[in-house]
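The values are calculated or read from the model by the stated rules, or taken from the named source; none is laboratory data. Because the structure is predicted, anything quoted here is derived from the model rather than measured. Cβ placement follows ideal geometry from the backbone for every residue including glycine, while neighbour counts extend to all protein chains displayed. When the accessible area is computed, the model is the full protein with side chains, heavy atoms only, and any ligands, DNA or RNA have been set aside. Shrake-Rupley method; radii C 1.70, N 1.55, O 1.52, S 1.80 Å.
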Amino acid sequence: MPVESGSSAAARQAKQKRKSHSLSIRRTNSTEQERSGLQRDMLEGQESKLPLSVRSNLLDLFSQIEREFENIYIENLELRREIETLNDRLAADGQAFEGADLAKGALKTKASHSTSQLSQKLKTTYKASTSKIVSSFKATTSRAVCQLVKEYVGHRDGIWDLSVTRTQPVVLGTASADHSAMLWSIETGKCLLKYMGHQGSVNSIKFHPTEQMALTASGDQTAHIWRYMVQLPTPQPVADISQTPCEEDVDFSDKDEADCDVEGSIDCPSIRVATTTLRSHQGVVIAADWLVGGKQVVTASWDRAANLYDVETSELVHSLTGHDQELTHCCTHPTQRLVVTSSRDTTFRLWDFRDPSIHSVNVFQGHTDTVTSAVFTVGDNVVSGSDDRTVKVWDLKNMRSPIATIRTDSAVNRISVSVNQKIIALPHDNRQVRLFDMSGVRLARLPRSNRQGHRRMVCCSAWCEDNTSCNLFTCGFDRQAIGWNINIPALLQEK
């Protein structure tokens, strides 16, 4: 007696399923017609200001939409049954799929030649509907190693900004919404000094290029310059933290985001009086920075202006106006008298003070939302980040269009660029920190798990070029700053 082959049996079974599916659709259509007639009769008995013809037309349209969704749902159920049947058949042959659940990744098979056609058909059928899911779960091949070295905990509110000193001793500075700025030992994580001279949120902190002086900007509409003297403690043995690949990403649960009460836990010297107070803004001073040489500073404010001050006299030298909305950030070039200001008006402006007689300005229009920051690189480039979820690299000699564009899945906050490695660190609203090279190629993502990483929005990043245990720092609204050791091989950067 002839035996029916497996392929012909599968074809006959699929044909029967399609037949039963078509019958169910016919029954559904007839049921829908009865239902729509009943609903139309009920509609006529209800009061409404709409004409009856309009209401009837709307009802017909919604009925059609409901029918389409019901048909799709029925077809989806049939396809799911077909998947289970094929998987059971492959499993019986000893050639089961690995990762057959479509929601967890691509279908992978080690089936023999007899089952390869079925698996290929299954992949093709669901290729369009699962391409996004599959691509989001693809295994990465990053060889970068990102190690969390130290956590700096002590602020009572979110940390807006952080910076590393450019002179010895090398310390970390943080600016917080708790009206204070703190200086930390990078190696031990101990607070060395606390500045408490502001009456509002401290929004930024920058260190003098050659002296032990700090510049802070605040919501109290002022910027302060204050001197500090710190002595580094003896480094303690560092706990053994295993090296973590830079692609670990495990979300925190809500209970992991509980605030840490650190009140009374920080005992360090404090300063309450500024050496110099810079006043003239009519709104929140959101950022400030030193010009090359350290004899002048620039401040950016919500009053839509950036001011240039003389440090020695505290006098206002220039008021840089032109932005249509509040400023969000300002940055100075490390070796030239150039200033870049960012704004909520979706632009950033380059101010040139190299010629004392001519103060030129160039406007960069490349973003569609608030420009959260724009920073210089050592060369002739500017890197800008925005709430439009993009980061763009610009050439100062050709400002019409960016030379590279990085597209992300979350708003970008205050970015930083490594001087030595030319790596861009992107802090995001979604608690991630990503690393890219200047050509826009993604190098790594800092690890996040239930044991390490930021629990809330990451506000700022800063690189440290000195030979310390940490070469990248990040801070966020989880009230902590984190020191990372980033090791990216040269071959990976060249890709």
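The C-beta contact set for segment 136-160 (first residue surrounded by fewer than 16 Cβ atoms within 10 Å (Cβ to Cβ), second residue at pLDDT below 95 and acidic (Asp, Glu), distance under 6 angstrom, 6+ apart or interchain) comprises Thr140/Glu247. If you go through segment 332-341 one residue at a time, how many are farther than 12 Å from Ile286 by Cβ and either outside any loop (DSSP other than H, G, I, E, B) or open to solvent by less than 10 Å² (accessible area, probe 1.4 Å) (or both)? Qualifying residue count, segment 332-341: 5. Within segment 462-469, can one find any residue that is in a strand (DSSP E or B) and either β-branched (Val, Ile, Thr) or without any contact (Cβ under 8 Å) to a residue 12 or more places away in the chain (or both)? No. Kindly indicate whether Thr405 is on the phi < 0 side of the Ramachandran plot, outside any loop (DSSP other than H, G, I, E, B) and surrounded by fewer than 22 Cβ atoms within 10 Å (Cβ to Cβ). Criteria met by Thr405. Taking the conditions (1) open to solvent by 10 Å² or more (accessible area, probe 1.4 Å); (2) closer than 25 Å to Asn467 by Cβ in turn, Asp369 satisfies each one other than (2).
Looking at Leu327, Leu316, Leu291, just one residue is surrounded by fewer than 20 Cβ atoms within 10 Å (Cβ to Cβ), at pLDDT 95 or above and on the phi < 0 side of the Ramachandran plot, and that residue is Leu316. If a residue has to be under 24 Å from Glu465 (Cα atoms) and part of a loop (DSSP other than H, G, I, E, B) to count, how many in segment 408-430 make the cut? The number of residues fulfilling the criteria is 7. Taking the condition of being among the small types (Gly, Ala, Ser) and open to solvent by 10 Å² or more (accessible area, probe 1.4 Å), how many residues in segment 201-216 meet it? Residues flagged as among the small types (Gly, Ala, Ser) and open to solvent by 10 Å² or more (accessible area, probe 1.4 Å) within segment 201-216 amount to 1. When the residues of segment 377-402 are filtered to those that are loosely packed, with under 13 Cβ neighbours inside 10 Å and polar (S, T, N, Q), which remaining residue is nearest to Arg337 (Cα to Cα)? Applying the filter and picking the extreme gives Asn398.
Test of understanding: among Gly189, Gly264, Gly219, which residue is at positive phi, modelled with pLDDT of 80 or more and either touching a Ser or Thr at 6+ places or on another chain (Cβ under 7 Å) or surrounded by fewer than 22 Cβ atoms within 10 Å (Cβ to Cβ) (or both)? Criteria check complete, one pass: Gly189. When Asp240 is tested against (1) modelled with pLDDT of 60 or more; (2) of a type outside the set (Ser, Thr, Tyr); (3) open to solvent by 60 Å² or more (accessible area, probe 1.4 Å), only condition (1) is not met.
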